[in-house]
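Accompanying notes for the structure given below.
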Amino acid sequence: MSTETKDGDFELKIDTSKMSTEKAQAMHMAESNRELKWENPSFAGGLFMGRFLPDLIVPYPEQNPEDKAVGDKLLAELGPFLKANLDPDEVDRTRELPKKVLDGFTKMKLWAMKIPKEYNGLGLSQVNYNRIVSLVASYCGSTAVWLSAHQSIGVPQPLKMFGTDAQKKKWLPRFAEGAISAFALTEPDVGSDPAKMTTSATPSPDGSHYILNGLKLWCTNGPVADIMVVMAKTPPLLKKGREIPQITAFVLEKEMPGIELVHRCDFMGIRAIQNGLIRFNNVKVPAENIILGPGKGLKLALSTLNTGRLTLPAAAVGMGKQCLNIVRNWGNERVQWGLPIGKHEAISSKLAFLTSTQFAMEAVTWLTSAMADKGGRDIRIEAAMAKLFCSEAAWRMIDETMQIRGGRGYETAESLKGRGEKPVPVERMMRDCRINRIIEGTSEIMHLFLAREALDPHMEVAAELMLKHLPLGRRLKAGIKMANFYSKWYPQQWINSSLFHVYSDFGPKLARHMNYVDRTSHQLARNIFHSMGMYQNTLERRQMILGRYVDVGTELFAMAATCARAKLLTDKEPGNPHPAHLANFFCKEAIRRIESLFAAQNDNDDSQANKIAKGLLGGDYRWMENDILKCYEN
Ligand SMILES: Cc1cc2nc3c(=O)[nH]c(=O)nc-3n(C[C@H](O)[C@H](O)[C@H](O)COP(=O)(O)OP(=O)(O)OC[C@H]3O[C@@H](n4cnc5c(N)ncnc54)[C@H](O)[C@@H]3O)c2cc1C
C-alpha cells in the first residue's frame with residue numbers, strides 16, 4: 001500500500017532501493033497517482049483475496065425500461081442515419097469523415113452523450129453510451145474512435161468528474177453544439193511511462209497563467225479539436241529536500257496562439273481518425289484552466305480511465321456481433337468438399353469459440369457498465385479486466401473470422417465489390433481491431449495495473465515489513481499487524497467455502513462453474529500469498545508470474561459474469577437453453593486455461609526465456625538476421 005501521511009506527503013511503500021533512478025521515479029509517480037482508497041466493494045478484487053462475493057453481480061443487472069427506451073430511440077435514429085450517410089470503406093480509403101456525418105452527430109447531440117442534461121447534454125447512462133459506441137463500432141471503427149476519444153478520455157469526462165462549477169458552465173454546453181475534444185498525454189518518449197514527460201507549463205510570476213511548451217504524439221481528435229486536455233509538467237514540489245515531480249491537466253482551446261499541428265499520423269487501421277503530432281509553442285493558458293488542481297493531472301487521467309476504459313470493450317462487442325453475422329452467413333453459404341464449411345468440424349469449433357466468446361464479452365461489458373451506472377462499487381479492476389479481456393478476445397475473434405472467410409477474408413471490400421461479390425469488410429475490421437490491444441493501456445500495462453491493484457490488500461498488511469529502510473520499531477509493529485491478519489486469513493483459504501454455497505438456482509451445469517469460481521478464488525489467493533513469501537520484494541519484477549495470476553482472476557471474473565448473465569436470460573425465458581449452453585461452453589474452456597495457467601506457475605520456462613531475450617538484446621543472435629534487406633539498420 002502507498003499512503004498519504006497527515007501532512008499530505010506521499011509515502012511509497014515499495015522498496016525502490018535496487019531500482020534504477022529512472023524506474024524508481026516511474027514507480028513513485030505511478031504509486032502516488034493511483035487511487036489509494038477502496039471506498040466501495042470490488043467483486044473482481046475479492047477474487048484475488050479468496051473472497052467470492054456473488055451478491056455483487058447476481059442478479060445480473062438489467063437495464064431499467066425507461067433507460068433502455070432512451071437508448072433504443074437513439075439507436076433507432078442513428079442506425080439508419082449511418083447507413084444513409086456513411087460508407088465505412090470510403091471513409092477508410094479517403095481518411096475523412098464526411099461533414100454531413102459530423103453535422104448529423106451534432107444534431108443528435110452525440111458529442112454530448114455523457115454530458116448532464118443541465119448542461120444541455122443527453123445525460124446518457126454508461127450503458128446507453130456504450131450501446132451507441134457498440135453500434136457505431138460494428139459499422140465503422142474510425143467513426144467509433146472519433147466519438148470515444150472525445151467522450152471517454154477527452155474533455156467531457158474529466159470535466160464532468162473533476163471540473164469546478166465555473167469550468168463546467170463554461171465548457172460542457174459547447175459539446176451539445178458540436179465542439180470536439182481530445183486528450184494529450186503521450187509524447188515521443190512518453191508511452192506507458194509518464195514520468196518521462198517533457199511538455200512543461202511554467203507559471204507566470206503572478207500565478208495568473210502558465211506558458212506551455214512541448215510536443216504531444218498520437219493525439220486522437222487533436223487536429224480537429226476545439227478543446228483539449230493537455231498533461232504537462234509543472235514545477236516540482238520541494239518536500240523534505242526532495243523534488244516531487246508534478247503533472248498537471250490543462251484545458252486548451254484551439255484559438256490559443258501557439259498550438260501547431262506538426263503532422264497528421266496515419267495508421268494500419270482506423271484510418272479516418274484525426275490523430276496528430278502537436279507542438280505547443282509558448283501557449284498562454286489561464287490558471288483557471290487547470291482541472292483538479294496543480295500536480296493532480298495523472299490522478300485525473302487514471303481516474304478518468306477507470307470508467308473511460310469501458311468504451312473499448314463496448315466497441316469490441318459491436319465488432320464481435322458483426323463477426324457472428326459474417327461467419328453465420330458464410331458458414332452456411334460456402335460449400336466445399338460437399339458440405340457447408342460451417343459443418344466441417346475444424347470450422348464448427350471456431351464457430352463455437354466465436355459464439356461463446358461473444359457471449360462472455362457481452363456479459364463482462366454490460367455487467368461492468370451497469371456497475372458504473374449503479375455506483376457503490378469500485379470498478380477499477382473490473383473495467384481494466386473488461387478492457388484486457390475484450391481487446392484480446394476480439395482480436396482472436398477477428399482472426400478466426402478471417403480464417404473462416406478464407407481468401408475473401410484477406411481481400412478488401414472494394415476488391416470483392418469490384419468483382420461482383422458482397423463487400424464483407426473483414427480485412428478492414430481486422431486492421432481496425434488491432435489497436436485495441438495498444439491504446440488506453442497496452443495489454444502488458446493492463447497486467448501490471450491489475451497485478452498492482454490485486455495485490456493492494458496484501459501490500460496494505462505486508463509491505464512495511466519488507467521495507468528495510470524503515471525504523472525497526474515500525475517494522476516490528478507491521479510484523480504484528482501482518483501476523484494478526486494472516487493467522488486468520490490464511491486458514492480460511494483452505495476451507496472450501498463453496499461446500500456451503502450450492503448455487504443450485506443456476507441449474508446443475510452453471511452451479512458447478514459458480515462453485516469452481518468460489519473454490520478457485522481461494523486457490524488464487526493462497527498461491528499469490530505463497531509467491532509473495534517466495535519472491536518478496538522481487539515479485540514486482542516477476543511479470544510472468546503476476547501476469548498469470550491476473551489472467552486467472554480475469555478468467556474467473558468472465559466465468560462469473562457469464563454464468564450470472566445466462567441465469568438472468570434463462571430466468572426470463574425458461575424454455576431457452578442457449579444462454580446456459582454458451583455459458584457452460586465458455587466456462588469449460590476457461591477452466592482449461594486456468595488450470596494450465598496454474599500449472600505454468602510451477603512448470604515454466606520464464607528464466608530461460610529471460611536468458612534468450614537478454615542474449616537477443618545483447619546481439620548474441622545477430623547471426624540469425626543474415627540474408628535480409630534490413631529495415632532497421634544500426
Ligand atoms: C492510434 C493511436 C491513438 C492514440 N490516441 C492517443 C490519445 O488520444 N492520447 C494520448 O495521449 N495517447 C494516444 N495514443 C498513445 C497510446 O496510448 C500509446 O501508444 C500507448 O500508451 C503505448 O505507448 P507506446 O506506444 O509509446 O509504447 P511503449 O510504452 O513504448 O511500449 C512498447 C511496448 O513495451 C511494453 N511495455 C512498456 N512498458 C512496460 C513495462 N513496464 N513492462 C512490460 N511491458 C512494457 C508495452 O506494453 C508495449 O508492448 C494513441 C496511440 C495510437 C497508436
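For first residues located in region 209-231 and on the phi > 0 side of the Ramachandran plot and away from the ligand (no atom under 12 Å from the Cβ), partners that are at pLDDT 95 or above and part of a strand (DSSP E or B) and lie 6+ apart or on another chain with Cβ distances below 8 Å form the pairs GLY214/GLU187; GLY214/SER200; GLY214/ALA232; GLY214/ARG279; GLY214/PHE280. The residues in region 447-493 that are within 16 Å of the ligand (Cβ to nearest atom), buried (at least 21 other Cβ atoms within 10 Å of the Cβ) and over 17 Å from PHE389 (Cα atoms) can be counted, and the count is 1. When we screen TRP337, TRP330 for residues that are free of Cβ contacts under 8 Å to residues at least 24 places away in the same chain and either surrounded by 20 or more Cβ atoms within 10 Å (Cβ to Cβ) or aromatic (Phe, Trp, Tyr) (or both), the only hit is TRP337. Screening ALA314 on (1) surrounded by fewer than 22 Cβ atoms within 10 Å (Cβ to Cβ); (2) more than 29 Å from LYS233 (Cβ to Cβ); (3) not charged (D, E, K, R) shows it passes everything except condition (1). Of the helices (runs of 4 or more DSSP H) contained entirely in region 95-151, not one carries at least 3 residues that are in contact with a strand residue (DSSP E or B) (Cβ under 7 Å, 6 or more places away or on another chain), polar (S, T, N, Q) and surrounded by fewer than 21 Cβ atoms within 10 Å (Cβ to Cβ).
Restricting attention to region 137-154, the residues being within 12 Å of the ligand (Cβ to nearest atom), modelled with pLDDT of 95 or more and among the β-branched types (Val, Ile, Thr) number 1. Out of all the residues in region 195-203, is one or more charged (D, E, K, R), within 12 Å of the ligand (Cβ to nearest atom), at negative phi and touching a helix residue (DSSP H, G or I) at 6+ places or on another chain (Cβ under 9 Å)? Yes - at least one qualifying residue is present in region 195-203.
The lone criterion from (1) modelled with pLDDT of 95 or more; (2) at negative phi left unmet by GLY420 is number (2).
Within region 155-192, if we keep just the residues that are surrounded by fewer than 17 Cβ atoms within 10 Å (Cβ to Cβ) and within 20 Å of the chain's Cα centre (by Cα), the residue that is farthest from the ligand (Cβ to nearest atom) turns out to be MET161. Are any residues in region 597-609 surrounded by 12 or more Cβ atoms within 10 Å (Cβ to Cβ) and farther than 14 Å from ASN527 by Cα, and if so, which ones? Within region 597-609, ASN604, ASP606 qualify.
The residue that is farthest from the ligand (Cβ to nearest atom), counting only those in region 420-430 that are in a helix (DSSP H, G or I) and either in contact with a Lys or Arg (Cβ under 8 Å, 6 or more places away or on another chain) or acidic (Asp, Glu) (or both), is VAL426.
Every test in (1) outside any helix (DSSP H, G or I); (2) loosely packed, with under 15 Cβ neighbours inside 10 Å is passed by GLU444 save one, and that test is (1).
Yes/no matrix, rows are residues, columns are (1) more than 14 Å from the ligand (Cβ to nearest atom); (2) at pLDDT below 95; (3) of a type in the set (Phe, Trp, Tyr):
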| position | (1), (2), (3) |
| --- | --- |
| ILE244 | yes, yes, no |
| GLU253 | yes, no, no |
| MET256 | yes, no, no |
| GLU260 | yes, no, no |
| ASP266 | no, no, no |
| GLY269 | no, no, no |
| ILE273 | no, no, no |
| VAL283 | yes, no, no |
| LEU298 | no, yes, no |
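If you go through region 360-375 and keep only what is surrounded by fewer than 24 Cβ atoms within 10 Å (Cβ to Cβ) and touching a helix residue (DSSP H, G or I) at 6+ places or on another chain (Cβ under 7 Å), you end up with GLU362, ALA370, ALA372, ASP373. Beta carbons closer than 8 Å, at least 6 apart along the sequence or on distinct chains, pair a first residue in region 162-191 that is on the phi > 0 side of the Ramachandran plot with a second that is part of a helix (DSSP H, G or I) and aromatic (Phe, Trp, Tyr) for GLY178/PHE105; GLY178/TRP111.
The values are calculated or read from the model by the stated rules, or taken from the named source; none is laboratory data. Here the structure is a predicted model, which is why all the values come from computation and not from measurement. Here Cβ is always computed from backbone atoms with ideal geometry, including for glycine, and neighbour counts include all displayed protein chains.
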